[in-house]
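Structure record follows, encoded as structure tokens.
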Amino acid sequence: MAASPEPVCAGIVLAAGAGTRYGMPKALAEGGAWLRSAVAALRDGGCDPVIVVLGATGPAPDAVDLPEGADHVWAADWATGLGASLRAGLRAVAHTPAEYVAIMPVDTPDVGADVVARVVGAAFAAPTGLARAVFHATPGHPVVMSHKHWTSVYQAAVRDSGGRTYLAGNNDMVCVTCDDLATGDDRDFPATPHA
């Protein structure tokens, strides 16, 4: 008997914010290197399609160096908070064959494909279809969830909460330790030059 094929997992890169603390939209950080890194981590970690959610840079993908093979969607209401970006990404993924989605912010540049693959695998194996990376006992990204969670996360994603409210109230989350692979740190401020 042939093994059943693995489920399809899409990837969403949340890259809509203005990056006010950083000084520019993080989709443009390091000449677009963070965006390329996030897309590559999702794609090489097993996600297809990968959708980049744009916002502050405008609706045209040529405003950023959109990596080859990535799709994009514009969150017109991006300025209302992270929730708008997540909703835009989930709406886009709902029109794909994906049964799971992995969500990554653009500003965790050291999270690579090995982290994504580990968390995706854990979500596929979990009865709840819900898993997230954890770094040094701190919840991080990606968050991977099966289709049955999308509507609830969509409804909970308001202002700056993203999916936090829904995830915090869900005791069935599989926490996947990834300390050995990355720091998982999000970058809110530009690096300071060394003297």
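The values are calculated or read from the model by the stated rules, or taken from the named source; none is laboratory data. Since the model is a prediction, treat every value here as computed from it, not as a measurement. Don't worry about glycine lacking a Cβ; one is built from the backbone with ideal geometry, like all the others, and counts go over all protein chains shown. Surface accessibility is based on the protein's heavy atoms, side chains included, excluding ligands, DNA and RNA. Shrake-Rupley method; radii C 1.70, N 1.55, O 1.52, S 1.80 Å.
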For the stretch 142-167, give me each residue that is free of Cβ contacts under 8 Å to residues at least 60 places away in the same chain, part of a helix (DSSP H, G or I) and within 20 Å of residue 124 (Cα to Cα).
147, 148, 149, 151, 152, 166, 167
Return the total of residues in the stretch 67-76 being part of a loop (DSSP other than H, G, I, E, B), open to solvent by less than 40 Å² (accessible area, probe 1.4 Å) and within 27 Å of residue 181 (Cβ to Cβ).
1
What number of residues within the stretch 1-17 are open to solvent by 10 Å² or more (accessible area, probe 1.4 Å) and touching a Pro at 6+ places or on another chain (Cβ under 7 Å)?
3
Residue in the stretch 109-119 that is under 16 Å from the mean Cα position of the chain (by Cα), part of a loop (DSSP other than H, G, I, E, B) and among the hydrophobic types (A, V, I, L, M, F, W, C) present
yes
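Take the stretch 168-195 and flag every residue that is part of a strand (DSSP E or B), touching a helix residue (DSSP H, G or I) at 6+ places or on another chain (Cβ under 8 Å) and at pLDDT below 95.
First, the residues of the stretch 168-195 that are part of a strand (DSSP E or B): 174-177.
Going one step further and asking which of them are touching a helix residue (DSSP H, G or I) at 6+ places or on another chain (Cβ under 8 Å), we end up with 174, 176.
Passing the criteria: only 174.
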Failed item in (1) in a loop (DSSP other than H, G, I, E, B); (2) in contact (Cβ under 8 Å) with a residue 60 or more places away in the chain; (3) over 26 Å from residue 100 (Cβ atoms), with residue 79 passing the rest:
(1)
Exactly one of 89, 83, 58 is open to solvent by 10 Å² or more (accessible area, probe 1.4 Å), over 18 Å from residue 111 (Cα atoms) and of a type outside the set (Val, Ile, Thr), and that one is 58
Given the conditions (1) part of a strand (DSSP E or B); (2) of a type outside the set (D, E, K, R); (3) out of contact with any Pro (no Cβ under 8 Å at 6 or more places or on another chain), which single one is not true for residue 103?
(3)
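Could you identify the single residue in 132, 187 that is in contact (Cβ under 8 Å) with a residue 24 or more places away in the chain and in contact with a His (Cβ under 8 Å, 6 or more places away or on another chain)?
Answer to the check: 132.
Condition check ((1) at pLDDT 95 or above; (2) farther than 21 Å from residue 95 by Cα; (3) β-branched (Val, Ile, Thr)) across all residues:
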site	(1), (2), (3)
34	no, yes, no
39	yes, no, yes
43	yes, no, no
53	yes, no, yes
60	no, no, no
85	no, no, no
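Going by the conditions given, is residue 20 among the polar types (S, T, N, Q), closer than 22 Å to residue 153 by Cα and surrounded by fewer than 21 Cβ atoms within 10 Å (Cβ to Cβ)?
On the way: among the polar types (S, T, N, Q): yes; closer than 22 Å to residue 153 by Cα: no; surrounded by fewer than 21 Cβ atoms within 10 Å (Cβ to Cβ): yes.
So residue 20 does not fit the description; no.
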How many residues of the stretch 92-106 are open to solvent by less than 20 Å² (accessible area, probe 1.4 Å) and more than 10 Å from the chain's Cα centre (by Cα)? The answer is 2
So which residues in the stretch 24-50 are part of a helix (DSSP H, G or I) and open to solvent by 20 Å² or more (accessible area, probe 1.4 Å), if there are any at all?
26, 28, 30, 31, 33, 36, 37, 40, 43, 44
